[in-house]
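The values are calculated or read from the model by the stated rules, or taken from the named source; none is laboratory data. Since the structure is predicted, the reported quantities are computational estimates derived from the model, not experimental observations. In this analysis, Cβ positions are derived from the backbone assuming ideal geometry, glycine residues included, and neighbour counts consider all displayed protein chains. These area figures cover heavy atoms from the full protein model, side chains too; ligands, DNA and RNA do not enter into them. Shrake-Rupley method; radii C 1.70, N 1.55, O 1.52, S 1.80 Å.
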Amino acid sequence: MSHRADRRPWLRTALGVTALVLFFAGVLVVIAALAFSVKVSGHSMEPTLSEGDRLLVNPFASDDVHRFDIVETTLGDREIPLVKRVVGMPGDRIRADASGAAPVVRVRPTGSEREYVVDNPAWEGRVGTKTQPCCATDGTAVQGTTKPDWVRVPEDSYWVVGDNWGGSDDSRTFGFVAADQVEARVSFRLQPFGDFGSLEDDVRLVPATP
């Protein structure tokens, strides 16, 4: 009887230490989530992302970017990071037209003469006022009577656009994004809690029809 009584203080101490460790671990997780996160401002990535969404970013993957990744980047002289989708990879040739119900972005991947079209369901019906064809030599939309042509994405650069095609300032406005302007990759939503989880990845290249 006395032997059991002697063990109880140790048990209470162990439980208390365990609870304290779990508490501080939870605090560290929250702090890390806030430190490595970005809050969406604006509507350029709708319907994939909404204003106010908080996203977990991975700054250690900024040099491992793949086609259709969503990234946090700066554009032009803007110092405020923005969230956009990577469409054109280094060495790709790009051409785009937005005269129909949805944009048509054509891609000839680096080292290939085969032509593909970007299939992004989010673009349907989101042409808006961004109807200028693309691209000029710097990756921006062409202006006036300038004829659009295929343009090659420079090495160590990307061509990025927003999923809300008609309401996004992106490479069509600011040109190609240098690789060192990519701050982080984004693939997970923290808030709102109802949408907590990995971001949908349903964008792909499909062979262009003749």
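For Glu46, what residues show an amide H to amide H distance below 5 Å, using hydrogens built from the backbone and excluding near sequence neighbours?
Placed amide hydrogens put Asn164 under 5 Å from Glu46.
Packing-wise, with mean Cβ within 10 Å as the measure, how do 146-156, 78-88 rank, highest first?
78-88, 146-156
For the chain, what is the mean residue ellipticity at 222 nm derived from helices alone (per DSSP H run of n ≥ 4: -39500 (n - 2.57); sum divided by total residues; nearest 500 deg cm²/dmol)?
-6000 deg cm²/dmol
Given the options Phe176, Trp159, Thr129, identify the residue whose Cα lies farthest towards the positive end of the charge dipole of segment 125-181 (+1 on Cβ of Lys, Arg; -1 on Cβ of Asp, Glu).
Thr129
Please compute the modelled spin-label separation between Val104 and Glu124, points set 7 Å along Cα→Cβ, answer in nm with one decimal.
1.8 nm
Expressed in nm², what is the orientationally averaged projection area of the convex hull enclosing the Cα positions of segment 134-192?
Values: hull surface 21.4 nm².
Averaging across all directions leaves 5.3 nm² for the Cα convex hull.
For the chain, with every protein chain kept in place, what is the accessible area per residue (1.4 Å probe, Å²)?
Accessible area per residue, the chain: 58 Å².
With axes computed from alpha carbons, what is the tilt in degrees of helix 2-35 against the longest principal axis of the chain, rounded to the nearest 10 within 0 to 90?
Around 20 degrees separate the two axes.
Please compute, for the alpha-carbon atoms of segment 90-181, the extent along each of the three principal axes and give them in descending order in Å.
Sorted from largest, the Cα extents of segment 90-181 read 31, 27, 26 Å.
List the aspartates and glutamates whose Cα lies under 17 Å from the Cα of Lys130, skipping any in the same chain that are fewer than 8 positions away.
In chain and number order, the partners are Glu46, Asp97, Asp163, Asp169, Asp170.
Once the Cβ-Cβ distance between Asp138 and Gln191 is put in as r, and R0 is 25 Å, what FRET efficiency do you end up with, to the nearest 0.05? Could the numbers behind the result be given before it?
Working: r = 36 Å, r/R0 = 1.44.
It comes out at approximately 0.10.
Would you mind calculating the gained length between Asn58 and Asp156 on full extension (0.36 nm times residue separation, minus the Cα-Cα distance), in nm to one decimal?
33.4 nm
Between [x] 41; [y] 34; [z] 44, which entry matches percent of Cα pairs over 25 Å apart as derived from the coordinates of this structure?
Answer by label: [z].
Applying 1/(1 + (r/R0)^6) with R0 = 35 Å to the Cβ-Cβ distance of Thr209 and Ser41, what FRET efficiency is obtained, to the nearest 0.05? Let's see the in-between values first.
Values: r = 38 Å, r/R0 = 1.09.
Once rounded, the FRET efficiency stands at 0.40.
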